[in-house]
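See structure below.
The values are calculated or read from the model by the stated rules, or taken from the named source; none is laboratory data. Just so it is clear, the structure is predicted and the values come from calculations on it, not from any experiment. Cβ: placed from backbone, ideal geometry, glycine included. Neighbour counts: every protein chain shown. Side chains are part of the model used for accessible areas, which takes the heavy atoms of the whole protein and leaves out ligands, DNA and RNA. Shrake-Rupley method; radii C 1.70, N 1.55, O 1.52, S 1.80 Å.
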Amino acid sequence: MFEKMTPDDLLRLTSVQDGPCISIYIPALPSKTLQVEYEALVRRAAYLLSFEMRTDLRESLLKTLYNFNPTEHLSSQEQGIAIFVNKHQSGYYLATHELPSKAVVAETFHLKPLLDDLQQNRTYNILVISTEEAVLLNCNGGRGTETHTFLFHQGQHSNSIHWKHQDESETAQIPHLKSHLRGRGLQDNQFKKKSGVKLFLRWIEAKISKETGYKTFPLLVFTNEALFHAYKEISTHPQVTHIRIDSTKGVPRMEALIHQANLQIQKDLSQHKSLSAAEVENLARKKMVIDDLVKISRAALNGKVKTLFLRDNIEIWGQLHRKSAQITFHEKQLTSKDDDILDDIACEVIRHGGEVIVLTSKDMPSPSPAAAILSS
């Protein structure tokens, strides 16, 4: 049974490492031509599967492919269809942009023709901080979910922090903070307030840093300048972006936050695409940009790539050995173990929350087919 896939489903495919995984791409064609093209691509997949030793598995996968008719699913609105099959799942994705004609059998699914779709609903976190309240949102494209909520109350004799996360909640009392400064009145109150805010920020970080995958997704912090610098000092997150708001007005509506966050993400993407030679040279001096494929693969597997640049219209076939991060290169796809190395690296980067940008040869920051900016 083939299921229609969404960009979220594609994102889950980046984590699949259970081959043989069959990926077939067909551009939009007239019905008769489409069926002929599909049959030719299935024959190509059958040839690559002939290297698979388990005959029963090979026949089962081919039977699944033979039972699929792309003409029943592709309408005039779509410009191509992608089919994904392995022993655990089978699905198809309708693209609104042109797709190549391609069949790949590998240990992972081949997703490079759908890089824009994979990043269409990118996952990120939003942290909104005011002096009395903080909220962490987990966002995917235009949707967001409130995961952590904090309230900070400053009383005359003590401060209290209230935390809520799903069905959990907790309240902590912070004892009265005696000022070590000389003098009375306003100075003492300001010292108490400043110290209370720092404790509030530490409490926030202690709670949200335990969230699964928290450090692998971009974090956009909505707050004022002073609170952002105070939070950044204690934050363990490797990728924090500041978006200024008036913290005295409380937490804005979720829709407004997500809108601003997506604008910021698009702005960052545009800036990365137009990196100047001087900027790349500066990053290289700081050892923040690399263009060696083996080094890039190691960084990608460890979630250390912030931005990956790929040269358009190039494939490098072979096998990425994920345990050792070594690469075996082949001139073309030879067996059901081979994939485009650039595809494997790109999927690892996206899976860990990084971004992938495809550029023409003249726009690439390096003569290499790939270059990466590392996380700070």
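List of remarks:
- The number of residues in the range 345-376 being open to solvent by 30 Å² or more (accessible area, probe 1.4 Å), in contact with a strand residue (DSSP E or B) (Cβ under 8 Å, 6 or more places away or on another chain) and in a helix (DSSP H, G or I) comes to 1.
- Residue list for the range 243-255, filter: open to solvent by less than 70 Å² (accessible area, probe 1.4 Å) and under 20 Å from ARG143 (Cα atoms): ILE243, VAL251, PRO252, MET254
- For the range 131-158, the candidate set comprises residues that are within 15 Å of LYS198 (Cα to Cα), in contact with a Ser or Thr (Cβ under 9 Å, 6 or more places away or on another chain) and surrounded by 20 or more Cβ atoms within 10 Å (Cβ to Cβ); within that set, the residue that is modelled with the highest pLDDT is ALA134.
- Considering the range 317-339, and only residues there that are in contact (Cβ under 8 Å) with a residue 60 or more places away in the chain and part of a strand (DSSP E or B), the residue that is farthest from GLN266 (Cα to Cα) turns out to be GLN319.
- Residues in the range 111-130 that are at pLDDT 90 or above and within 17 Å of the chain's Cα centre (by Cα): 7 in all.
- Scanning the range 216-241 for residues that are assigned to a helix (DSSP H, G or I) and over 21 Å from LEU263 (Cα atoms) returns ALA226, LEU227, HIS229, ALA230, TYR231, LYS232, GLU233, ILE234.
- Selection within the range 159-179 - open to solvent by less than 60 Å² (accessible area, probe 1.4 Å), under 28 Å from the mean Cα position of the chain (by Cα) and either on the phi > 0 side of the Ramachandran plot or at pLDDT below 70 (or both): none
- When ILE314 is tested against the conditions (1) modelled with pLDDT of 90 or more; (2) surrounded by fewer than 19 Cβ atoms within 10 Å (Cβ to Cβ); (3) more than 26 Å from VAL42 (Cα to Cα), the lone failure is (3).
- All conditions but one from (1) modelled with pLDDT of 80 or more; (2) open to solvent by 100 Å² or more (accessible area, probe 1.4 Å); (3) among the polar types (S, T, N, Q) apply to ASN262; the one that does not is (2).
- Picking from residues in the range 1-22 that are in a loop (DSSP other than H, G, I, E, B) and out of contact with any Phe, Trp or Tyr (no Cβ under 7 Å at 6 or more places or on another chain), the one that is most open to solvent (accessible area, probe 1.4 Å) is MET1.
- Of the residues making up the range 59-99, just one is open to solvent by 50 Å² or more (accessible area, probe 1.4 Å) and under 21 Å from GLN333 (Cβ atoms), namely LYS87.
- Filtered residues of the range 28-55 (kept if outside any loop (DSSP other than H, G, I, E, B), surrounded by fewer than 14 Cβ atoms within 10 Å (Cβ to Cβ) and either touching a Ser or Thr at 6+ places or on another chain (Cβ under 9 Å) or at pLDDT 90 or above (or both)): SER31, LYS32, THR33, VAL36, GLU39, ALA40, ARG43, TYR47
- Checklist (1) among the hydroxyl-bearing types (Ser, Thr, Tyr); (2) in contact with a helix residue (DSSP H, G or I) (Cβ under 7 Å, 6 or more places away or on another chain); (3) assigned to a helix (DSSP H, G or I) applied to TYR93, failing item: (3)
- Against the numbered list (1) part of a strand (DSSP E or B); (2) among the hydrophobic types (A, V, I, L, M, F, W, C); (3) touching a Lys or Arg at 6+ places or on another chain (Cβ under 7 Å), LEU342 comes up short only at (1).
- Residue in the range 100-107 that is over 24 Å from ASN224 (Cα atoms), assigned to a strand (DSSP E or B) and among the basic types (Lys, Arg) present: yes
- In the range 193-213, the condition of being in contact with a Pro (Cβ under 7 Å, 6 or more places away or on another chain) and crowded, with 16+ Cβ neighbours inside 10 Å is met by no residue.
- Close pairs from the range 351-371: first closer than 30 Å to ASN140 by Cβ, partner hydroxyl-bearing (Ser, Thr, Tyr), Cβ under 6 Å, at least 6 apart: ARG351/THR14; ARG351/SER15; HIS352/THR216; GLY353/THR216; GLU355/THR307
- When TYR25 is tested against (1) open to solvent by 20 Å² or more (accessible area, probe 1.4 Å); (2) outside any loop (DSSP other than H, G, I, E, B); (3) touching a residue at least 24 places away in the same chain (Cβ under 8 Å), just one condition goes unmet, and that condition is (1).
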